[in-house]
């Protein structure tokens, strides 16, 4: 009989407000890459929305260690630039999904997206939106695996500084 090693289970939970500082550090450590737009002022605003109960951070943990993070805004805080993509539906916007580099490629990002989709009805949302750099293949795969479909792609010179400099917006409808 083969001996199997028990792997710690990955659990998902809402982040506590007193974790926001360490989550911001996590985001700055594991989030930057040529495809991401992570201006400090924008992230400060993102974390302010969470602190003001207009969004939340969902974390993936292995034991007590945070290995992934998803940040999303409630429908009341949907960015103006995404309202057109909501198609008059109540929509959640996923602002960030970041996975610790030691855990990338294990489906944790897709699981975080699926968790946000599952939470969406609790916030009376019938659509979930997010975006990525057009050429970010790992994000494209993660989003496709979670069920997101492309809505449109457009030139985004302010936020995209590499490659095609285009943003792709994706969405998923939540059944009532």
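The values are calculated or read from the model by the stated rules, or taken from the named source; none is laboratory data. Because the structure is a prediction, the values reported are computed rather than measured. When we count neighbours, we look across all protein chains shown, and the Cβ atoms used for this are built from the backbone with ideal geometry, even at glycine.
Taking only segment 80-91 into account, find how many residues are surrounded by 13 or more Cβ atoms within 10 Å (Cβ to Cβ), free of Cβ contacts under 8 Å to residues at least 40 places away in the same chain and part of a loop (DSSP other than H, G, I, E, B).
Going through segment 80-91 one residue at a time, the tally reaches 1.
Among the residues of segment 63-70, is any at pLDDT 95 or above, within 16 Å of the chain's Cα centre (by Cα) and under 20 Å from residue 168 (Cβ atoms)?
yes
Which residue is surrounded by the fewest Cβ atoms within 10 Å (Cβ to Cβ), if the candidates are limited to segment 137-176 and must be without any contact (Cβ under 8 Å) to a residue 60 or more places away in the chain and under 14 Å from residue 86 (Cα atoms)?
That would be 149.
Tell me which residues, restricted to segment 140-175, are out of contact with any strand residue (DSSP E or B) (no Cβ under 8 Å at 6 or more places or on another chain) and either outside any loop (DSSP other than H, G, I, E, B) or farther than 18 Å from residue 34 by Cα (or both).
Hits for segment 140-175 are 141, 144, 145, 175.
Is it the case that residue 94 is buried (at least 18 other Cβ atoms within 10 Å of the Cβ) and under 14 Å from residue 171 (Cβ atoms)?
In short, yes.
Of all residues in segment 102-111, which are touching a helix residue (DSSP H, G or I) at 6+ places or on another chain (Cβ under 8 Å) and buried (at least 17 other Cβ atoms within 10 Å of the Cβ)?
Residues satisfying the conditions are 109, 110.
The conditions are (1) buried (at least 18 other Cβ atoms within 10 Å of the Cβ); (2) assigned to a helix (DSSP H, G or I), and residue 69 fails exactly one of them. Which is it?
(2)
Being more than 30 Å from residue 176 (Cβ to Cβ), surrounded by 20 or more Cβ atoms within 10 Å (Cβ to Cβ) and in contact (Cβ under 8 Å) with a residue 40 or more places away in the chain is true for just one of 99, 116. Which residue is that?
Just a single option satisfies the conditions, and that option is 99.
Working only within segment 30-61, note down all residues that are closer than 20 Å to residue 14 by Cβ, touching a helix residue (DSSP H, G or I) at 6+ places or on another chain (Cβ under 8 Å) and surrounded by 14 or more Cβ atoms within 10 Å (Cβ to Cβ).
30, 43, 47, 49, 50, 54, 55, 56, 57, 58, 59, 60
Taking the residues in segment 115-139 that are assigned to a loop (DSSP other than H, G, I, E, B) and more than 15 Å from the chain's Cα centre (by Cα) as candidates, determine which candidate is nearest to residue 149 (Cα to Cα).
134
Only one of (1) in contact with a strand residue (DSSP E or B) (Cβ under 8 Å, 6 or more places away or on another chain); (2) within 18 Å of residue 172 (Cα to Cα); (3) assigned to a loop (DSSP other than H, G, I, E, B); (4) at pLDDT below 95 fails for residue 36. Which number is that?
Residue 36 satisfies all of (1) in contact with a strand residue (DSSP E or B) (Cβ under 8 Å, 6 or more places away or on another chain); (2) within 18 Å of residue 172 (Cα to Cα); (3) assigned to a loop (DSSP other than H, G, I, E, B); (4) at pLDDT below 95 except (2).
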